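The values are calculated or read from the model by the stated rules, or taken from the named source; none is laboratory data. What you are looking at is a predicted structure, and each value in this text was computed from that prediction instead of being measured. In this analysis, Cβ positions are derived from the backbone assuming ideal geometry, glycine residues included, and neighbour counts consider all displayed protein chains.
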Amino acid sequence: MTATENVPMIDTADTLAELCERVARSERVALDTEFHTERSYSPRLMVVQLAFDDGAVIVDPLALPDLRPLLDALGDTIVIGHALSSDLKIFADRFDRVPSSIFDTQVAAAFLGYGMQVSLADLVRDLEHVRLAKSQTVSDWSTRPFTARQIEYLVDDVAHLLPMYDKLVQRLENSGRLTWALEECAPLGDIERFRADERRAYMRIPGAMRMNRRELGVLSEIVKLRDRMARERDLPLKYIIADDVVAGLATLRPKRVEELDQLRRLDAGARKSLGRAIIDAVARGEAMPEEELPQRPQRPLGTSRDTLASLMGVVVGEIARANDLPQSLLVPRAGLERVAREVPRSREAFEAALELSQWRLGLVAEPLWRLLSGEDALRIEGYAHGDPKIRLTP
């Protein structure tokens with residue numbers, strides 16, 4: 001049972017300043033957050049937990065809405081956490097900052113045979129031989145004061161991260177994969193990773209694949225309008241205009257507010273408050289020069305090219321199995337499809353099309369290129385004995 005009575009609560013400017021000084025003096029800090037996602041444009045930060053080698057603290061973002069000083073202090077230390085992408089995305093959205101040096105224990109564990117999505121509870125149980133109590137997973141973190149069980153849960157989520165960091169780093173060093181893991185974690189410290197590309201946001205709308213370029217121009221302007229309104233009002237996108245209505249507007253391309261009546265899922269309130277802005281967005285899309293219109297999404301691969309991507313996937317799967325790594329960690333399917341679509345003729349062009357980091361290329365580039373260039377062939381061995389294995393053979 002984690003002691004809860006001596007866990008400091010950081011909820012004043014003075015205690016925050018003291019915490020920032022402590023963080024800046026520390027070589028490493030463990031981090032976790034709790035947030036609510038239901039009714040806001042971006043998740044609302046409710047709690048920040050930090051752990052040091054000599055104890056944990058809890059930061060109250062409701063009492064301290066501007067945590068930029070803490071984020072600045074975290075920029076001078078190694079920040080250790082588990083599955084940190086969502087936490088860092090909140091920091092980027094709310095404070096335009098992320099810590100620069102990140103070690104994600106979930107990412108690191110993937111290089112040690114744990115798979116891509118090992119949970120914190122499973123990793124703590126395996127490395128620290130501790131079972132975490134997860135009874136507060138669906139707790140309402142907007143309530144104050146916290147109960148003893150809530151505090152125990154909050155502390156447990158960070159208390160084991162620093163000891164696990166030590167064990168993971170040692171195992172990664174022993175296996176020769178520490179550099180790989182650090183390379184994989186490094187982009188988490190780049191704020192650009194968490195900034196949405198407004199120019200490509202229209203691609204997420206169902207039905208975009210079927211639209212022509214002019215419709216996509218209108219669609220992109222409506223998506224930008226929706227995003228701006230949702231951000232200003234701090235509401236989920238669907239509360240502004242639902243995806244299917246956005247797609248309907250792009251194909252209808254209304255010229256007058258009255259035409260919006262044809263869309264039954266755009267209620268009277270939305271028509272009144274957004275009608276003029278929607279018509280203006282449609283007009284911007286209609287007036288967009290031909291050369292500036294969005295490109296149509298790439299069509300799915302044809303049968304033969306899809307088969308080629310699948311064959312490369314088989315090779316990647318065998319390489320992953322041989323190295324006890326998740327296949328998706330080695331080469332995303334999109335990279336294989338890009339090679340199948342572009343058919344690069346040289347080894348250099350082939351490696352560029354894969355768009356992989358050096359450690360990945362070191363594992364997959366040679367066998368994939370030998371397969372594609374016809375130097376090696378796929379062969380199944382051991383099937384008759386009930387133990388089939390796929391080999392690349394000259």
* Asked: Restricting the first residue to segment 374-388 and requiring it to be among the hydroxyl-bearing types (Ser, Thr, Tyr), which pairs with a second residue that is not in a helix (DSSP H, G or I) meet a Cβ separation below 9 Å and a spacing of at least six or different chains?
  -> 383/389
* **Residue list for segment 371-394, restricted to those being over 37 Å from the mean Cα position of the chain (by Cα) and not in a loop (DSSP other than H, G, I, E, B)** => 381, 383, 384, 385, 393
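Quickly run through segment 78-106 and pick out the residues that are in a loop (DSSP other than H, G, I, E, B) and crowded, with 20+ Cβ neighbours inside 10 Å. Outline the logic, then answer.
Initial filter on segment 78-106 (in a loop (DSSP other than H, G, I, E, B)): 82-84, 96-101.
Correct list: 82, 84, 98, 99.
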* What number of residues in segment 19-41 are at pLDDT 95 or above and assigned to a loop (DSSP other than H, G, I, E, B)? -> 2
* Would you mention how many residues in segment 328-346 are within 19 Å of residue 358 (Cβ to Cβ) and of a type in the set (D, E, K, R)? => 1
* Subset of segment 267-282 (residues that are modelled with pLDDT of 95 or more, surrounded by 15 or more Cβ atoms within 10 Å (Cβ to Cβ) and either touching a Lys or Arg at 6+ places or on another chain (Cβ under 8 Å) or among the basic types (Lys, Arg) (or both)) -> 279, 281, 282
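Checking the conditions here, which among 16, 64 is more than 19 Å from residue 104 (Cα to Cα) and assigned to a loop (DSSP other than H, G, I, E, B)?
Numbers: 16 fails: assigned to a loop (DSSP other than H, G, I, E, B).
Of the residues listed, the single one that is more than 19 Å from residue 104 (Cα to Cα) and assigned to a loop (DSSP other than H, G, I, E, B) is 64.
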* Structure fact -> Exception for residue 133 within (1) touching a residue at least 60 places away in the same chain (Cβ under 8 Å); (2) of a type in the set (A, V, I, L, M, F, W, C); (3) surrounded by fewer than 20 Cβ atoms within 10 Å (Cβ to Cβ) falls at (1)
* Structure fact -> Just one listed residue, out of 47, 57, is touching an Asp or Glu at 6+ places or on another chain (Cβ under 6 Å), outside any loop (DSSP other than H, G, I, E, B) and not aromatic (Phe, Trp, Tyr), and it is 47
